[in-house]
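For reference, the structure is listed below as structure tokens.
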Amino acid sequence: MKLKWLGHSAFELTSNKGLNILVDPFIQANPSCPLNARDVHPDVICITHGHADHFGDVVEIAKNNPNIIVIANYEISIYLQRKGVNAIGINYGAHVKIEDVEIRMLKAEHTSTFDFEIDTKYAGNPGSFLFTFDDDLKVYHAGDTGLFSDMKFVIGEVYKPDIALLPIGNIFTMDPKEAAIAASWINPEFVIPMHYNSFPSIAQDPNEFEKMVTNCKTLIPKVLQTLEF
Ligand code: NI
Ligand code: MN
């Protein structure tokens, strides 16, 4: 599996068979991402929740293209279907298998609205994703979340991810200290911080986070750097 960080919470995960999964496609308006929406070519897009910094450019990328499958919560999937997107709605605990990857939606402690609409509108429950690749490598993308006990009892003990992508930015999500506790509860082999330094309000030093993580290895990719697992 290849993992590429696009800045903020946007990641590209590419399976061994070449399935390209784009998580939270915040590209065009993402201050830390140098790409344009037309530069990405996903087979699958996963949306953790409705906020603009996660929903991003999904409509622009996937509209009128039935070859791109979008996985989101039920409410977001309905919205996307009305925009001409091939969207599948799922909910906590459910999974879909696409090619050689199982994609499961799990919980996040956050909110979810379509905040780019004139009025903020309900966009279902916020979620996280667990990706299981065919060599049994598991990647957990936490979405936006605070610390919650099921990180230990469900994500850590039941799903046992090898790699955990955790927000550390504070203000909207866990801060580095909480994220380090999450890392100890989830207990993956590798933890990768996300959702920091994209805006002044979420400025954090990922090296300080690394110092707080004692149970697993912290990887701090640069934007557009590819890591292979
Ligand atoms: Ni959010
Ligand atoms: Mn966010």
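The values are calculated or read from the model by the stated rules, or taken from the named source; none is laboratory data. In this text the structure is predicted, and so the values were computed from the model without any measurement. In this analysis, Cβ positions are derived from the backbone assuming ideal geometry, glycine residues included, and neighbour counts consider all displayed protein chains. Just so you know, the surface numbers come from the protein's heavy atoms only, side chains and all, with ligands and any DNA or RNA stripped out. Shrake-Rupley method; radii C 1.70, N 1.55, O 1.52, S 1.80 Å.
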Quiz item: Whole-Hz Karplus ³J(HN,Hα) for region 68-85, in order, using 6.51 cos²θ - 1.76 cosθ + 1.60 and θ = phi - 60°, x for Gly and Pro?
Solution: 9, 9, 9, 10, 8, 5, 4, 5, 5, 5, 5, 4, 5, 4, 5, 8, x, 9
Quiz prompt | Principal semi-axes in Å for the chain [√(5λ), Cα gyration tensor, largest first] | solution = 24, 19, 17
Exercise. Would you please name the trypsin sites (Lys or Arg not before Pro) within region 35-129 that are DSSP coil residues with at most 15 other C-beta atoms within 10 Å of their C-beta?
Key: Lys63, Lys83
Self-check item: Whichever lysines have a C-alpha closer than 18 Å to that of Lys177, once near sequence neighbours (fewer than 8 apart) are set aside
Solution: Lys152, Lys211, Lys217
Quiz item: For region 113-124, what does the Karplus curve 6.51 cos²θ - 1.76 cosθ + 1.60, with θ = phi - 60°, yield as ³J(HN,Hα) per residue in whole Hz, taken in order and with x for Gly and Pro?
Solution: 9, 7, 8, 8, 6, 4, 9, 5, 10, 4, 10, x
Quiz prompt | 5 Å-binned pair-distance histogram of region 136-229 (Cα, whole percent) | solution = 3, 15, 27, 27, 17, 8, 2, 0
Practice problem: Could you work out the relative contact order of region 2-221, using alpha carbon pairs under 8 angstrom and six or more residues apart, expressed as a whole percent? | Solution: 14
Practice problem: Go through region 173-229 and name the trypsin sites (Lys or Arg not before Pro) that are in a DSSP coil and have 12 or fewer other Cβ atoms within 10 Å of their Cβ. | Solution: Lys222
Exercise. Pull up all non-local amide H partners of Thr113: gap of 5 or more, or a different chain, and H-to-H distance under 5 Å with H placed in the peptide plane.
Key: Gly50, His51, Ala123
Quiz prompt | With 5 Å bins from 0: P(r) over region 161-209, alpha-carbon pairs, percent | solution = 6, 25, 34, 22, 10, 4, 0
Practice problem: Give me the accessible area per residue for the chain, probe 1.4 Å, as a whole number in Å². | Solution: 42
Quiz prompt | 5 angstrom amide H check on Ile90, placed H, neighbours 5+ away | solution = Ala72, Asn73, Tyr74
Practice problem: Estimate the FRET efficiency between Asp150 and Asp39 by the formula 1/(1 + (r/R0)^6), using the beta-carbon distance for r and 41 Å for R0, to the nearest 0.05. | Solution: 0.70
Practice problem: At a temperature of 25 °C and a viscosity of 0.890 mPa s, determine how fast region 1-97 diffuses translationally according to Stokes-Einstein, using the Kirkwood radius over alpha-carbon pairs as Rh; express D in µm²/s, rounded to the nearest whole number. | Solution: 185
